[in-house]
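What follows is calculated from the coordinates using simple rules that are stated; it is not laboratory data. Treat the numbers as computed from the prediction; the structure is a model and nothing was measured. When we count neighbours, we look across all protein chains shown, and the Cβ atoms used for this are built from the backbone with ideal geometry, even at glycine.
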């Protein structure tokens with residue numbers, strides 16, 4: 001099924017950016033790849049895992065990003081080529097090891113792919129991983145389209161072996177999660193044997209021990225490596241220029257900003273006036289190359305996402321060379337020409353060019369705009385995100401929310417990262433009140449639980465998913481137990497890393513490559529740590545609610561409630577309807593019922609709708625997946641469930 | 001394989017709908033058909049968190065010359081395929097223009113705000129009137145109802161692609177579709193997808209004022 005291993009070099013393929021990155025790694029002869037799932041990075045490891053057997057690869061979904069980077073580094077130390085993939089905030093998790101890895105250096109080519117999410121299209125932040133390259137003195141590459149995503153990844157392995165250090169390839173959502181046309185190259189035929197050589201002298205980078213110390217020596221050695229990378233970058237084919245010899249304005253850009261800039265110039269029809277220097281090697285910047293192009297004109301505009309990383313680095317080079325290239329005027333993030341937050345688009349570059357070049361671009365005739373204004377339907381109903389029909393989280397938060405209401409002591413829930421982050425919205429009955437990083441819900445709860453001595457008397461709860469539990473919750477839970485913090489942790493165990501597409505995690509019995517592996521039991525870990533543990537089915541609303549109330553009322557340390565029910569989209573539940581649902585219209589009292597439309601106004605399942613004509617509840621059979629939960633919320637029992645035959 | 005010059009280059013197509021409607025697969029199938037014909041195609045899509053009940057929009061850029069940005073500039077759509085009726089309007093508000101063509105499914109998926117009674121969902125006749133007003137050609141088909149008759153509502157996306165094959169200004173055909181499906185889905189799914197594709201094409205032929213294009217070679 002996968003055409004990722006197609007050997008035919010003539011055929012053009014439609015490839016997602018992440019698959020292009022995976023293909024680049026395959027062509028480079030990667031042996032080991034690891035990562036932790038996170039949009040928009042997940043498909044890199046996922047695609048490689050599907051062909052692991054055919055290409056004799058070892059592919060792993062690690063417990064978290066730091067472990068993933070360590071796993072990939074081990075392969076590099078043993079002279080194999082390895083890749084590690086993660087989303088932007090994953091690099092924060094891995095960063096402590098990355099700092100030390102930069103000092104120890106690598107052996108087999110090693111590439112860290114980070115997929116940033118400008119605009120936070122599927123993140124709780126829009127963090128910039130590029131700064132790690134500068135901070136840790138590691139080379140940085142940024143692909144400007146899909147073909148380049150493949151070529152650059154492939155080349156990054158070669159660069160890594162030339163300078164003997166890890167190389168960062170930074171992608172963004174609009175490259176990783178977009179798709180484009182890609183032509184394939186050849187696979188590397190080199191066979192590599194894994195061996196970790198450590199018997200050489202302590203300072204020998206090839207056969208000595210792999211260590212970040214002695215720091216004085218290793219740091220200077222690392223700086224020699226980055227200098228070498230800068231020399232190589234001066235000649236890199238990934239830095240390209242398109243435009244006239246003497247442009248009125250020079251755009252310097254990278255990544256998706258390249259495609260937006262080219263599009264904006266075409267829309268405005270000013271290709272003869274603007275030059276575009278697309279940089280693929282963005283740290284360290286090659287100074288001689290920059291000097292050549294900065295020389296062309298006095299007006300420079302930097303187009304990049306998200307923070308002014310490129311802008312600041314170009315300005316430093318321009319200041320250093322000011323004597324020769326003259327004084328420049330810069331447009332970009334710092335002067336407000338381009339917004340400092342959020343993702344870019346062709347339209348934002350168009351409006352930046354409008355300002356700088358004094359063009360008055362009008363996207364559409366005023367007549368059409370007037371039509372839009374006059375259109376009777378400008379108030380299109382907003383589509384707020386919600387839990388899927390049959391989602392166990394809706395049931396879990398229904399019970400937690402009701403338990404908090406009944407408890408009536410202003411208790412609250414610390415949220416965490418996963419689909420259940422939406423519990424802060426009406427679909428989760430606005431139950432969670434904090435949202436930060438992976439595992440932060442439990443950590444914050446641990447802290448809140450110690451504020452009793454200052455008069456805080458609110459019950460403290462936290463939630464986390466099963467994959468998040470392994471990733472970052474365990475240390476927080478240990479902290480809470482050890483410090484006798486009075487909290488209730490609810491583990492929303494839906495048997496997989498559901499939000500990103502059911503990647504495996506340590507609680508499951510199958511790994512990324514489909515092999516049987518030992519699973520680690522969440523309940524037993526919690527018990528071993530010293531927490532009191534109960535396990536319930538969240539679809540049993542009343543039992544769950546009662547349990548939450550009981551645990552919340554118990555003020556002796558850490559309680560853990562594990563709510564087990566597979567995700568409605570999981571392979572085990574998808575397309576399987578447990579109940580056939582219907583509304584008994586003779587029982588439904590409609591608007592006359594005292595419940596004030598509890599079923600649709602509050603419960604908000606997309607499969608249970610309100611029939612405007614009949615003024616009664618109605619099952620939408622296209623959406624309903626038959627979980628049966630709503631039958632227990634109707635006060636007059638008008639929502640009927642019947643077990644289906646299969 | 002020789003590729004035809006496009007009526008407009010890049011040709012900008014938007015497939016829009018709601019998470020879970022098979023928008024992403026639909027855009028991949030359509031784009032893959034074009035790439036095998038020798039065109040450059042770029043798909044920009046938003047999914048991940050937006051999959052859960054939110055609007056999902058894929059921008060498809062087709063070109064005979066080069067790779068275009070994954071985002072279509074405002075007001076520059078050439079064809080909008082809406083798997084859900086109100087989503088057609090949402091897209092028109094930003095990407096619409098005098099010349100744009102719209103092909104829309106009639107089956108609504110109510111936003112939670114509508115289910116909760118906080119927002120109103122316009123009637124189909126209101127939606128049709130507005131879409132007509134804001135486009136050069138607007139066509140509505142009962143893709144979900146037809147898909148249910150085929151046994152699975154998810155096939156609405158393929159019915160829509162079958163219908164669009166009669167409407168696009170570049171050549172995609174049944175053989176082309178078959179090759180792509182065989183590459184994308186398990187072989188057992190081929191028959192039902194071909195049925196859905198043919199059904200979409202034939203529904204299109206039966207719409208008033210439309211002549212059916214030959215769908216099989």
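Values computed for the structure shown
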read-out	value
Relative contact order of chain B, defined on C-alpha pairs under 8 angstrom at six or more residues apart (%)	19
Segment A:427-470-segment A:156-182 distance, computed between alpha-carbon centres (Å)	37
Segment A:333-378 and segment A:534-555: distance between their alpha carbon centers, rounded to Å	52
Rg(Cα) / (2.2 N^0.38 Å) computed for segment A:481-559, rounded to two decimals	1.30
Ranked list, fewest to most other Cβ atoms within 10 Å of each Cβ, for A:383, A:230	A:230, A:383
Contact order normalised by residue count of segment A:494-569, Cα under 8 Å, 6+ apart, percent	32
Sequence ranges A:163-169, B:95-101, A:357-363, ranked by mean other-Cβ count within 10 angstrom, highest first	A:163-169, B:95-101, A:357-363
Convex hull of chain A built on C-alpha atoms - directionally averaged projected area, nm²	35.3
DSSP-defined antiparallel bridges as percent of all bridges, chain B, nearest 5	50
Segment A:579-643: radius of gyration over Cα atoms, expressed as a fraction of 2.2 N^0.38 Å	0.98
Percent of Cα-Cα distances greater than 13 Å, calculated over segment A:542-590	74
Segment A:1-137 - convex hull of the alpha-carbon atoms, volume per residue in Å³	116
Size descriptor, Kirkwood hydrodynamic radius, that averages inverse alpha-carbon separations across segment A:3-234, Å	17.4
Convex hull of segment A:345-443 built on C-alpha atoms - directionally averaged projected area, nm²	11.6
For chain A, calculated [θ]222 nm from helices alone, where every DSSP H run of n ≥ 4 adds -39500 (n - 2.57)	-10000 deg cm²/dmol
Chain B - mean residue ellipticity at 222 nm from DSSP helices (-39,500 (n - 2.57) per run, n ≥ 4, rounded to 500)	-11500 deg cm²/dmol
Residues A:176, A:632, A:42, B:188, sorted so that the one with the fewest Cβ neighbours within 10 Å comes first	B:188, A:632, A:42, A:176
Relative contact order for chain A, counting Cα pairs under 8 Å that sit 6 or more residues apart, in percent	10
Size of segment A:493-621 as Cα extents on the principal axes (Å, biggest first)	54, 43, 21
Residues A:466, A:537 arranged by fewest to most Cβ contacts within 10 Å	A:537, A:466
Average projection area in nm² (convex hull over Cα atoms of segment A:240-357, one quarter of hull surface)	6.2
Scattering curve values for segment A:429-534, log₁₀ I(q)/I(0), Debye with Cα scatterers, q = 0.12, 0.15, 0.22 Å⁻¹	-0.44, -0.65, -1.20
Semi-axis lengths, Å, segment A:387-465, gyration tensor of Cα atoms, sqrt of 5 times eigenvalues	22, 15, 8
DSSP beta bridges in chain A [antiparallel fraction, %, rounded to 5]	30
Long-range tail of P(r) for chain B (Cα pairs > 30 Å, %)	16
